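Data first, discussion second: the structure below is written as C-alpha cells.
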Amino acid sequence: RQGVVVITGASSGLGLAAAKALAETGKWHVVMACRDFLKASKAAKAAGMADGSYTVMHLDLASLDSVRQFVDAFRRAEMPLDVLVCNAAIYRPTARTPTFTADGHEMSVGVNHLGHFLLARLLMEDLQKSDYPSRRMVIVGSITGNSNTLAGNVPPKASLGDLRGLAGGLSGASGSAMIDGDESFDGAKAYKDSKVCNMLTMQEFHRRYHEETGITFSSLYPGCIATTGLFREHIPLFRTLFPPFQKFITKGFVSEAESGKRLAQVVAEPSLTKSGVYWSWNKDSASFENQLSQEASDPEKARKVWELSEKLVGLA
Ligand code: NDP
C-alpha cells in the first residue's frame with residue numbers, strides 16, 4: 001500500500017517541496033497539516049500536486065487545542081500514520097518583544113517546539129499501530145542551533161541555560177519569555193533555542209522509544225534555503241542580500257526543490273533508516289551523519305526539556 005506521511009507547515013518552503021517530491025513518487029499520500037487551509041490548497045495546486053495525492057487538514061501549532069483537534073480529525077479520517085514530519089516553524093529575527101501562543105507561551109518556542117512536542121507525543125500511538133515496514137518521525141533541525149559550526153556561532157548563539165524560563169512557562173508576564181530565563185527578549189535567539197529543543201526532542205524520542213518500537217527518529221539540516229518564507233520578518237535589505245550571499249560566499253545555498261528532495265529522503269529512503277541521527281548533505285548533495293553541538297546532544301538536558309515540556313502541554 002501507499003505510505004501516509006503527515007507534514008506540518010506544508011503550505012510553503014521546505015514542507016511544500018517535500019510534500020511535492022513525495023506525492024510525485026506515487027508511493028506516498030501526503031497529509032498537509034497547515035494553519036491556513038486555503039493557502040495550503042492553493043500551494044498544492046500551484047506546485048502541480050495531483051488531486052488525490054494529498055489531503056489538507058487544519059493544524060495551528062500556536063494552539064494546543066488545535067493540536068488535539070488535529071489528532072482527533074486525523075483519526076476520524078481513518079488513515080494509518082506511517083511517517084510524521086515536524087517541519088513548520090516561525091522565525092522572528094528582529095523581534096525585541098515577545099508574542100504569545102493561545103496558551104500563553106512565547107511564540108517561537110511555542111510553535112516550533114511545544115506544539116510539535118504535543119503533536120508528536122499524541123501521534124506516537126498512531127505510529128505504533130502502523131504496519132508500514134519503515135515507520136519514522138522526523139523533526140526538522142537547523143545548523144543555527146549547532147554552536148560547533150560557523151553558522152551556529154553567529155550571535156546571538158543558542159543556549160538553554162538551566163531552563164529556568166521554560167520551567168516558568170515562557171509567559172513573559174510572571175517571568176522570562178526566553179528558555180534560559182533572560183529578562184530581555186531576542187527573537188533570533190528564541191528561534192535558535194527552539195531548534196535546539198527540536199534536536200534534543202528527537203534524541204529523547206530515540207532513547208525512550210526506538211528499541212521498544214523500531215520506529216526511526218531523525219533530524220536534519222536541509223541546507224540554507226535562503227528563499228523561503230522563513231525570512232519574511234527580516235529587514236528588506238537582508239532579504240535581498242541573503243540569497244546571493246549564501247549562493248556565492250558561503251556556498252551553503254540550496255534551492256527549495258533540492259531541500260525538499262533531502263527531506264523526502266529522510267522520510268522514505270531505505271538507506272536512511274538509522275535512528276537517532278542528525279542528517280546533513282555535503283557539497284555533492286550526498287547525505288552524511290552530522291555531529292550535534294554539545295548542548296544539542298546533552299542527554300541530561302534532553303530529559304529535562306522533555307519533562308518540562310510535558311508539564312507545559314498538559315501531559316504530566
Ligand atoms: P517557511 O516559512 O517557508 O515555512 C514554514 C511553514 O510553517 C509554513 O507552512 C507556515 O505556514 C508554517 N507555520 C508557521 N507557523 C505555524 C503555526 N502556528 N501552525 C502551523 N504551521 C505554521 O519556512 P521554511 O520552509 O524555510 O522552514 C521549514 C523548516 O525548515 C523549519 O523547521 C525551519 O526551521 C527549517 N529550516 C529552514 C532553513 C532555511 O534556510 N530556510 C534552514 C534550516 C532549517 P504559513 O504558510 O501559513 O505561514
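Rule-based calculations on the coordinates, nothing more; no lab input. Just so we're clear, the structure is a prediction, and the values are computed from it rather than from any experiment. Neighbour counts run over all protein chains shown; Cβ positions are idealised from the backbone, glycine included.
Points worth noting:
- Rel. contact order, % - alpha carbon contacts under 8 angstrom, at least six apart, the range 59-122: 46
- Summarising the strand pairing of the chain, around 15 percent of its internal DSSP beta bridges are antiparallel.
- Top positive-direction residue, dipole computed over the range 83-194 with Cβ charges, set THR97, GLY161, ASN112: ASN112
- Look at ASP284, ASP65 and count the other Cβ atoms within 10 Å of each Cβ; fewest to most, that gives ASP284, ASP65.
- Proximal aspartates and glutamates relative to LYS42, as straight alpha-carbon distance under 20 Å, when same-chain residues fewer than 8 apart are discounted: GLU24, ASP51, ASP60, GLU256
- Nearest-20 debye value, the chain charge dipole, Cβ charges on Lys, Arg, Asp, Glu: 720
- Per-peptide packing, taken as the mean over residues of other Cβ atoms within 10 Å, places 218-231, 29-42 in the sequence 218-231, 29-42 from highest down.
- Under the combined filter of DSSP loop state and at most 14 neighbouring Cβ atoms within 10 Å, the range 44-102 retains none of its chymotrypsin sites (Phe, Trp or Tyr not before Pro).
- Normalised by the number of residues in the chain, the mean separation of alpha-carbon contacts (under 8 Å, six or more apart) gives a relative contact order of 19 percent.
- Comparing Cα centroids, the range 155-198 and the range 210-248 end up 20 angstrom apart.
- Mean separation of Cα pairs under 8 Å and 6 or more residues apart, divided by the residue count, gives the range 1-103 a relative contact order of 33 percent.
- Positive-end extreme of charge dipole, the chain - chosen from ALA88, LEU14, VAL138 (charges on Cβ): LEU14
- Rounded is the label for the chain, because the ratio a/c of its alpha-carbon gyration tensor axes (a ≥ b ≥ c) stays below 1.5.
- Using just its DSSP H runs of length 4 or more, each adding -39500 (n - 2.57), the chain gives a mean residue ellipticity at 222 nm of -10500 deg cm²/dmol after division by all residues.
- Electrostatic bookkeeping for MET107 treats Lys and Arg as +1 and Asp and Glu as -1; over the other residues with beta carbon under 12 Å from its beta carbon, the sum is -3.
- Summarising the strand pairing of the range 23-165, around 10 percent of its internal DSSP beta bridges are antiparallel.
- For HIS29, the amide hydrogen comes within under 5 Å of the amide hydrogens of GLY3, VAL4, VAL5, counting only partners 5 or more places away or on other chains and with H modelled in the peptide plane.
- Three-way shape call for the range 155-267 based on the alpha-carbon gyration tensor, with the a/c threshold at 1.5: oblate
- Residue-wise HN-Hα coupling along the range 256-273, computed from phi with Karplus coefficients 6.51, -1.76, 1.60 (Hz; x: Gly, Pro): 4, 4, 5, 5, x, 5, 5, 5, 4, 4, 5, 6, 10, 4, x, 7, 10, 8
- For the range 1-60: rounded, prolate or oblate by the Cα gyration tensor [a/c cutoff 1.5]: prolate
- The alpha-carbon of LYS195 sits under 27 angstrom from the alpha-carbons of these lysines, leaving out residues fewer than 8 places away in its chain: LYS20, LYS39, LYS157, LYS247, LYS251, LYS261, LYS274, LYS283, LYS301, LYS304, LYS311.
- Extension gain, ARG232 to SER255: 0.36 nm times the residue separation minus the Cα-Cα distance gives 6.6 nm.
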